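S.K.: I have a structure I would like to understand better, so I am pasting it below and will then ask my questions one at a time.
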Amino acid sequence: MSGVSFFVDPSCPWAWVTSRWLVDVAPARDLSITWKSYCIEIRDEYDLAPGFPSEHRALGLAAHELSHRMLRVFEAVRAEAGEPAVGALYTEWGPRYFGTDHSVLVAGGGSLIDDCLAACGLDPSLVDAQHDDKWDAQILESMQIAYAFAGQKAQTPTIVVESDPPYGFKGPVMCEAPTGEEAVRFWDAIQVIAEHQGFFELMRPRKASPMPWDLPRSRAGLGMI
């Protein structure tokens, strides 16, 4: 079995799409996924990345703050219940977070975290970790690993393959993830590219939303991380 670390900020729609692709690939390539914390709020020093739409500034800041709180819960869950529980928690988070109007979510984000913990059958008191900054040490340590493999202040998703030697990369960033055999073929192709140490970048313009469902215009800015 091959270990794969996936560095994720829960507010990032690109990371959510890529994560579902990796979950699809994992059984076919015998991958063991570890969901590592990556906090956009910390990366951007409690501000927003250049180019973030000004009309969505307040919403973007609130969304990243909520995501930071969820990452603290991730770390608390990891300590108490182990890696599979973190993956289950993220799986419950995604449809709830990206499938609901964000203005509602950021106003009552605590209930979203409560709902995710309950859906996983986890101790409801773990919700208190969202307000405990002691968990930030683990988040920062995780982010430093992501930076080492994908570049300083790299974006999410970042993936590290725990081979000998290990290698990592920012992305892949997809508007819509392939599934089934196509998903596996895509994974294999990326490994060929990523293992080549001289490879640096491959990019083209975005032409669609990062979500498999339509985003209302009022929420579109949240895709810019």
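S.K.: Debye sum, Cα scatterers, the range 111-199, no solvent: what log₁₀ I/I(0) at q = 0.12, 0.15 1/Å?
M.R.: The computed values of log10 I(q)/I(0) come out as -0.59, -0.83.
S.K.: To the nearest 10 square angstrom, how much accessible area does residue 36 have with a 1.4 angstrom probe?
M.R.: Estimated to the nearest 10 Å², residue 36 gives 60 Å².
S.K.: In addition: Please return the longest stretch of the chain lacking exposed loop sites, where GluC sites (Glu not before Pro) count only if DSSP places them in a loop and at most 16 other Cβ atoms lie within 10 Å. Before the final figure, lay out each step's value.
M.R.: On the way: sites that count: 45, 162, 176, 201.
Of all site-free stretches, the longest is 46-161.
S.K.: What number does the chain give for Rg over Rh if you use C-alpha atoms and the Kirkwood radius? Don't jump to the answer; show the numbers that get you there.
M.R.: Values: Rg = 16.7 Å, Rh = 17.8 Å.
Using only Cα positions, Rg/Rh for the chain is 0.94.
S.K.: Over what distance in Å are the Cα centres of the range 119-137 and the range 53-70 separated?
M.R.: Here the two parts' Cα centres lie 20 Å apart.
S.K.: Kindly report, to the nearest 10 Å², the accessible surface of residue 100 as traced by a 1.4 Å probe over protein heavy atoms only.
M.R.: Result for residue 100: roughly 50 Å² accessible.
S.K.: Okay, moving on. Provide the percentage of antiparallel DSSP beta bridges, counting only those with both residues in the chain; round to the nearest 5. Spell out each step's value before the answer.
M.R.: Values: 8 of 15 bridges.
Rounded to the nearest five, the antiparallel share is 55 percent.
S.K.: Using the beta-carbon distance between residue 137 and residue 115 and R0 = 22 Å, what value does 1/(1 + (r/R0)^6) give for FRET efficiency, to the nearest 0.05?
M.R.: Given R0 = 22 Å and the Cβ-Cβ separation, E is 0.25.
S.K.: Go ahead and run the numbers for FRET between residue 28 and residue 197, Cβ-Cβ distance against an R0 of 35 Å, rounding to 0.05.
M.R.: Efficiency, rounded to the nearest 0.05: 0.85.
S.K.: While we're here: Could you state the accessible area per residue of the range 1-59 in Å², with a 1.4 Å probe and every protein chain left in place?
M.R.: On a per-residue basis, the range 1-59 sits at 38 Å².
S.K.: Here's another thing I want to ask about it. In whole Å, largest first, what are the principal axis extents of the Cα atoms in the range 1-126?
M.R.: Answer, in whole Å and largest first: 46, 32, 25 Å.
S.K.: Highest GNM mean-square fluctuation, the chain, Cα pairs closer than 10 Å: which of 74, 200, 169?
M.R.: Greatest mean-square fluctuation among the candidates belongs to 200.
S.K.: Could you state how much accessible area residue 59 has, in square angstrom rounded to the nearest 10, with a 1.4 Å probe and all protein chains kept in place?
M.R.: So the heavy atoms of residue 59 present about 40 Å² to solvent.
S.K.: Sticking with this structure for a sec: Take the solvent-accessible surface of the protein heavy atoms, probe 1.4 Å, and return the percent of it on the chain that carbon and sulfur atoms account for.
M.R.: 53 percent
S.K.: Moving on. If I take R0 = 30 Å and measure r between the Cβ atoms of residue 148 and residue 207 in this structure, what FRET efficiency does the formula 1/(1 + (r/R0)^6) give, to the nearest 0.05?
M.R.: 0.45
S.K.: Send over the per residue convex hull volume for the range 1-46, Cα only, as a whole number of Å³.
M.R.: Values: hull volume 2.6 nm³, N = 46.
Convex hull volume per residue, Cα atoms: 57 Å³.
The values are calculated or read from the model by the stated rules, or taken from the named source; none is laboratory data. This structure is a prediction, so every number in the text was calculated from the model and none was measured. Neighbour counts run over all protein chains shown; Cβ positions are idealised from the backbone, glycine included. Heads up: the accessible areas ignore ligands, DNA and RNA and are worked out on the full protein's heavy atoms, side chains in. Shrake-Rupley method; radii C 1.70, N 1.55, O 1.52, S 1.80 Å.
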